[in-house]
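Q: Here it is, the structure, as structure tokens.
The values are calculated or read from the model by the stated rules, or taken from the named source; none is laboratory data. No experiment lies behind these values; they were computed from the predicted model shown. Ideal geometry is used to build each Cβ from the backbone, glycine not excepted, and the neighbour counts take in all protein chains shown. Remember, those area values only see protein heavy atoms, side chains included, never the ligands or the DNA or RNA. Shrake-Rupley method; radii C 1.70, N 1.55, O 1.52, S 1.80 Å.
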Amino acid sequence: MLRLPPFTYLAPSTLEKAVGQLGEAGPQGMVVAGGTDLYPNMKRRQFEPKILVGLRGIRDLTRIGGSSVQGMTIGSGATLSQVASHPEILRGYRALALAAEAVSTPPLRNMGTLGGNLCLDTRCNYYNQTYHWRKSIGFCMKKDGDICLVAPGSSRCWAISSSDLAPVAIALGAQVRLVGPGGERVIRAADLYRDDGIVYLAKAPEEIVTDVVLPPTDGWRTTYWKLCRRGSFDFPVLSVAAALRLAADGTVEDARIVLGAVASHPVAAPQAADVLRGQRPTPDLIARAAQVAYQPAKPLDNADLTIGYRKKMARVFVERALRELAGLPYEGGPGRGMRAS
Ligand SMILES: Cc1cc2nc3c(=O)[nH]c(=O)nc-3n(C[C@H](O)[C@H](O)[C@H](O)COP(=O)(O)OP(=O)(O)OC[C@H]3O[C@@H](n4cnc5c(N)ncnc54)[C@H](O)[C@@H]3O)c2cc1C
Ligand code: SF4
């Protein structure tokens, strides 16, 4: 059995205290929300904080407010179960509910939070292993080593962004509120991520994600498709968050397509939206948009299933997601509806 190393747990009751404690802890400290990713990582010695600042006692972080008409603010401490079942989120931001419902199992969704999911560590077959496993193959640069075992000539880490909710937040046009020692700032969800498997977040370590701010639904239809091996629970090895807004005459007013689990950050495909805009979403047009959308997907051999299959399925999933949003027949199903056998 893997055991947690010793650490000090702080339980602030306010955001101000949490920010202060995190600042004081410096590089020794990390925040923990549900702990469903952080504690396993500590057991495998991927993370070695000496001080954990727990967010569970901060009531303000769990608020969910607003409506699909005026826009919503969801506290980072809202659990995935709350996000998946909230009536207003289901009504106006279906892709977010689908993605939350597609994460792991009910006990983990009851503990795991929106903020923890957005800040989820990147994943790689050579990294998400025990300390002894990693030691036996000589470690890699993401922890304890200095080379990349997937691409030995590479000077960077290619670990994969595997959060289910991150691509959706971007496709919804969400913003993220961050609070740190220097005050508060609000950034686009798209700007929270960096194309780097190690420094994958564009926020300071001492900044806490406090809320996700969703714009009014304003006619957008949204969906989320996830490819994974097991139907019961699994991280995505490919996902597609798609949003479509149709004009009164049935043409596409606007579209957003974001691919998950194909790189170290969620990858938007704005060129595919260009193909759709101003056109009627016929099966042919959608097939053309999908052909364009999957080009940026460049999976490496560091996740489950083969590279070729994951790349091919990016096109298939974009096509199916867009057909669903356009009201055309499609195979499979959104959320965790599609898995590879
Ligand atoms: C068996 C298993 C299956 C899983 N399957 C999936 C899956 O299919 N899809 C998926 O997306 N995830 C999956 N997960 C990962 C995890 O359960 C979820 O991503 C969950 O939402 C993480 O939230 P948390 O609150 O538990 O995060 P934590 O574990 O508490 O934290 C995760 C990271 O985020 C940081 N963090 C947490 N909250 C904040 C905040 N407010 N501000 C700044 N940083 C913060 C922490 O410091 C840590 O680095 C799985 C985990 C397990 C163990
Ligand atoms: S991509 Fe390379 S450096 Fe990054 S975790 Fe995997 S093996 Fe390590």
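Q: When you look at Tyr193, is it of a type outside the set (D, E, K, R), within 9 Å of ligand 2 (Cβ to nearest atom) and closer than 23 Å to Pro236 by Cα, yes or no?
A: Here the answer is no, as Tyr193 does not meet what is asked.
Q: Sticking with this one: Take residues that are under 22 Å from Leu120 (Cβ atoms), β-branched (Val, Ile, Thr) and touching a Leu at 6+ places or on another chain (Cβ under 7 Å) and tell me which of the strands (runs of 3 or more DSSP E) falling wholly in the stretch 1-98 contain 1 or more.
A: 29-32, 51-54, 71-75
Q: Now for a separate question. What is the one condition in (1) within 18 Å of Ala189 (Cα to Cα); (2) touching a Ser or Thr at 6+ places or on another chain (Cβ under 6 Å); (3) not charged (D, E, K, R) that Gly112 does not satisfy?
A: Result: Gly112 fails condition (1) only.
Q: In the stretch 99-108, is there at least one residue being within 16 Å of ligand 2 (Cβ to nearest atom) and modelled with pLDDT of 95 or more?
A: No; the residues of the stretch 99-108 include none that is within 16 Å of ligand 2 (Cβ to nearest atom) and modelled with pLDDT of 95 or more.
Q: So which residues in the stretch 148-170 are loosely packed, with under 15 Cβ neighbours inside 10 Å and either free of Cβ contacts under 8 Å to residues at least 40 places away in the same chain or under 29 Å from Thr222 (Cβ atoms) (or both)?
A: Pro152, Gly153, Ser154, Ser155
Q: Being away from ligand 1 (no atom under 14 Å from the Cβ) and not in a strand (DSSP E or B) is the filter; apply it to the stretch 184-196 and report the residue that is most open to solvent (accessible area, probe 1.4 Å).
A: Out of the qualifying residues, it is Arg194.
Q: Turning to a different aspect of this structure: Six or more apart or on different chains, Cβ atoms under 6 Å: show the pairs whose first residue is in the stretch 70-88 and closer than 13 Å to Leu118 by Cβ and of a type outside the set (S, T, N, Q) and whose second is open to solvent by 10 Å² or more (accessible area, probe 1.4 Å) and assigned to a strand (DSSP E or B).
A: Once the first residue is closer than 13 Å to Leu118 by Cβ and of a type outside the set (S, T, N, Q) and sits in the stretch 70-88, its partners that are open to solvent by 10 Å² or more (accessible area, probe 1.4 Å) and assigned to a strand (DSSP E or B) give Ile74/Ile64; Gly75/Asp211; Gly77/Thr113; Ala78/Ile64.
Q: How about the stretch 102-183: which helices (runs of 4 or more DSSP H) wholly inside it have at least 3 residues that are within 16 Å of ligand 1 (Cβ to nearest atom)?
A: Counting at least 3 such residues, we get 106-111, 114-118, 165-171.
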